[in-house]
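A.B. asks: Mind looking over this structure? Questions follow.
Only the coordinates and a few stated rules stand behind these numbers; no lab work does. Fair warning: this is a prediction, and the values are worked out from it, not measured in the lab. Because the Cβ atoms are built from the backbone with ideal geometry, glycine has one as well, and the counts that use them run over all protein chains shown.
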Amino acid sequence: MQDLRSLIDPDITRAQTLPGEFYTDPRYFALQRETVFARSWHWLADTSAVKTPGDVSPHRLVEGILEEPLLLTRDDADQVHCLSNVCTHRGNLVSEHSGNLRQLMCRYHGRKWRLDGTFSSMPEFAEAQDFPSERDHLARVPFGQWGPFLFAALDPTCTLETWLAPVQERMGWLPLQAFRYSADHSRDYLVRANWALYCDNYLEGFHIPFVHPALSQALDYKQYRTELFDYCNLQVGVAKGSELAFDLPAHHPDAGQRIGGYYFWLFPNLMLNFYPWGLSINIVKPLAADYTRVSFLTYIWREELMDKGAGAGLDRVEREDEEVVECVQKGVRSRIYSRGRYSPAREQCVHHFHRLLTRFMNT
Ligand code: FES
Ligand SMILES: [Fe+2]
């Protein structure tokens, strides 16, 4: 495997894109598991997963590539905890189902913990020396909250606050606690392509006039712009003509502009798409080098605005994206194609992603 440090030139006007094998070779996929996904923050759930004291809710961080078993709990003091869901005895899963419990118990040999993960009891261990020890608690995993959303990480390279700061700065004015999850408007898509190809496509508006004729009617392509931050980037979609736009507060950095959509991508695999009606969260879950699940989670704020502007018809836009991304997956397998170039005008976010990806993979 080649040295990745100098693979992507920091100067976009000179840089070449990622080589095709990045999207096809299972060795890169395995490397990304440890260097990218185990080192970054991930969306986990919203607070309704553990609404009242005693609630427990098992999760996998990140489905497909990491599969780390985690357990969210809310204890009697109303504190939320994010714990390892693996029994500290011989590794059974502690909890396989959501529920409301007074304590946690492993059904294999009866080890028990309090809801904050501290060890409470274990049968047949009276003669065990140095027992219990710190290692018998359920491990606490780095996690945090933004609005109603819970995020977790295994060994993150930055704080959650740093990761989310640009989103908070631009979108913190929204009443996120009033956003409601809608199962009817949420669904998963299975894509026969590498997860990073799906991200590449998301990260440029360049293809909108070519691939999304309907969305093209809602956005002003000439005014479409991007901003880069440390671990995330933003695409700002300006509404075309009289298409629906945000009613931004007076102190907002974009006050006075007609913004139809804010598209945040957070390294490596999270997309937060804000529209006047609410938020569409896309989580890109790598299942294999050439197979990806994309979960669309819909949180509605103002339902009456759902069919208007850039935030309308998201299922159609996704299918259009999926179709072209699957075509690209077939192309990057080619023995003839190796790599391309970036449009300095339109592909800054793709370049940013590739620089972050190769930087992480090289550590
Ligand atoms: S594996 Fe959990 S008590 Fe034995
Ligand atoms: Fe697209």
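A.B. asks: ³J(HN,Hα) across the range 29-46 via Karplus (A = 6.51, B = -1.76, C = 1.60, θ = phi - 60°), whole Hz, x for Gly/Pro?
C.D. replies: Here the 3J(HN,Hα) series is 4, 5, 5, 5, 3, 7, 8, 10, 6, 6, 10, 9, 7, 9, 5, 10, 5, 10 Hz.
A.B. asks: Around Y291, which amide H atoms from residues at least 5 apart in sequence, or from another chain, sit under 5 Å from its own amide H, with H modelled in the peptide plane?
C.D. replies: Amide H neighbours of Y291, under 5 Å, 5+ apart: A193, W195.
A.B. asks: HN-Hα J couplings of the range 308-317 from phi, Karplus 6.51/-1.76/1.60, θ = phi - 60°, integer Hz, Gly and Pro as x?
C.D. replies: Coupling constants for the range 308-317: 10, x, 5, x, 8, x, 5, 5, 4, 4 Hz.
A.B. asks: Turning to a different aspect of this structure: Efficiency by 1/(1 + (r/R0)^6): what FRET value for D130 and R60, r their Cβ-Cβ distance, R0 = 30 Å, to the nearest 0.05?
C.D. replies: Numbers: r = 32 Å, r/R0 = 1.07.
Efficiency for this residue pair is about 0.40.
A.B. asks: Suppose each label sits 7 Å from its Cα in the direction of the beta carbon; what would the D230-R333 distance come out to in nanometres?
C.D. replies: Here the answer is 4.0 nm between the modelled labels.
A.B. asks: Ranked from highest to lowest mean number of other Cβ atoms within 10 Å per residue, what is the order of the peptides 295-308, 119-132?
C.D. replies: On the way: 295-308: 16.6, 119-132: 11.1.
Taking the mean over residues of other Cβ atoms within 10 Å, the ranking is 295-308, 119-132.
A.B. asks: Sticking with this structure for a sec: As a check on your grasp of the helix formula, calculate [θ] at 222 nm for the chain: sum -39500 (n - 2.57) over DSSP H runs of n ≥ 4, divide by the residue count, round to the nearest 500. It would help to have the intermediate numbers written out before the result.
C.D. replies: On the way: 7 runs with 71 residues, N = 363.
That comes out to -6000 deg cm²/dmol.
A.B. asks: Identify unpaired cysteines across the chain, taking unpaired to mean no other cysteine Cβ lies under 4.7 Å from the residue's Cβ.
C.D. replies: C82, C158, C199, C232, C327, C349
A.B. asks: Now for a separate question. For a Förster distance of 45 Å, can you work out the FRET efficiency between the beta-carbons of E169 and L101, rounded to the nearest 0.05? Don't jump to the answer; show the numbers that get you there.
C.D. replies: Working: r = 39 Å, r/R0 = 0.86.
Approximately 0.70, to the nearest 0.05.
A.B. asks: Which peptide among 275-284, 352-361, 310-319, 180-189 comes first, and what is the full order, when sorted by highest mean count of other Cβ atoms within 10 Å? Show your work: numbers first, answer last.
C.D. replies: Numbers: 275-284: 21.9, 352-361: 20.3, 310-319: 17.5, 180-189: 13.2.
In decreasing order of mean packing, 275-284, 352-361, 310-319, 180-189 become 275-284, 352-361, 310-319, 180-189.
A.B. asks: Now, a different point. Please give the peptides 326-339, 6-19, 232-245 ranked by average Cβ packing (other Cβ atoms within 10 Å per residue), highest first, as a rough proxy for protection.
C.D. replies: Values: 326-339: 13.0, 6-19: 15.1, 232-245: 19.1.
Sorting 326-339, 6-19, 232-245 by mean packing, highest first, produces 232-245, 6-19, 326-339.
A.B. asks: Please give the length that would be gained between Y189 and E323 if that part of the chain were fully extended, namely 0.36 nm times their separation in residues minus their C-alpha to C-alpha distance (nm, one decimal).
C.D. replies: Details: separation 134, 0.36 × 134 = 48.24 nm, distance 1.13 nm.
Value of the extension gain: 47.1 nm.
A.B. asks: Separate question: What nm value, rounded to one decimal, do you get for the distance between A214 and C158 when each label is placed 7 Å out toward the C-beta?
C.D. replies: Those two pseudo-labels are separated by 3.5 nm.
A.B. asks: With label points built 7 Å along Cα→Cβ from the Cα atoms of T13 and D254, find their separation and express it in nm.
C.D. replies: Result: 2.8 nm between the two label points.
A.B. asks: If you take every residue apart from E318 with its C-beta less than 14 Å away from the C-beta of E318, what net charge results, scoring Lys and Arg +1 and Asp and Glu -1?
C.D. replies: Values: positive: R187, R293, R316, R319; negative: D188, D315, E320, D321, E322, E323, E326.
It works out to a net charge of -3.
A.B. asks: If you don't mind, another one. Under 5 Å between amide H atoms, partner at least 5 residues away or on a different chain: which partners does V86 have, H built in plane at 1.01 Å?
C.D. replies: Those qualifying (amide H under 5 Å, at least 5 residues apart or on another chain) are V94.
A.B. asks: Nearest 0.05, what FRET efficiency do R90 and Q177 give at R0 = 41 Å with Cβ-Cβ as r?
C.D. replies: Working: r = 41 Å, r/R0 = 1.00.
In this case the efficiency is close to 0.50.
A.B. asks: Can you tell me how much longer the chain between A139 and S120 gets when fully stretched, taken as 0.36 nm per residue apart minus their C-alpha distance, in nm with one decimal?
C.D. replies: Working: separation 19, 0.36 × 19 = 6.84 nm, distance 1.40 nm.
Taking 0.36 nm per residue and subtracting the Cα distance, the gain is 5.4 nm.
A.B. asks: Once phi is turned into θ = phi - 60°, what whole-Hz ³J(HN,Hα) does the Karplus curve with 6.51, -1.76 and 1.60 give for every residue of the range 189-206, x standing for Gly and Pro?
C.D. replies: Using θ = phi - 60°, the values come out as 10, 9, 10, 7, 7, 5, 4, 6, 5, 4, 5, 3, 5, 4, 7, 9, x, 3 Hz.
A.B. asks: Compute the acute angle (0 to 90°) between the alpha-carbon long axis of helix 160-171 and the principal axis of greatest extent of the alpha-carbon atoms of the chain; round to the nearest 10°.
C.D. replies: Taking the Cα atoms of the chain, the angle to 160-171 is about 50 degrees.
A.B. asks: Quick one: which residues, 5 or more positions from I259 or on another chain, have an amide H under 5 Å from its amide H? H modelled 1.01 Å from N in the peptide plane, none for Pro or chain starts.
C.D. replies: A239, F246
A.B. asks: Something else now. What percent does the relative contact order of the chain come to when contacts are Cα pairs within less than 8 Å and at least six residues apart?
C.D. replies: Numbers: 715 pairs, mean separation 79.2, N = 363.
Taking the mean separation of contacting Cα pairs over the length of the chain, I get 22 percent.
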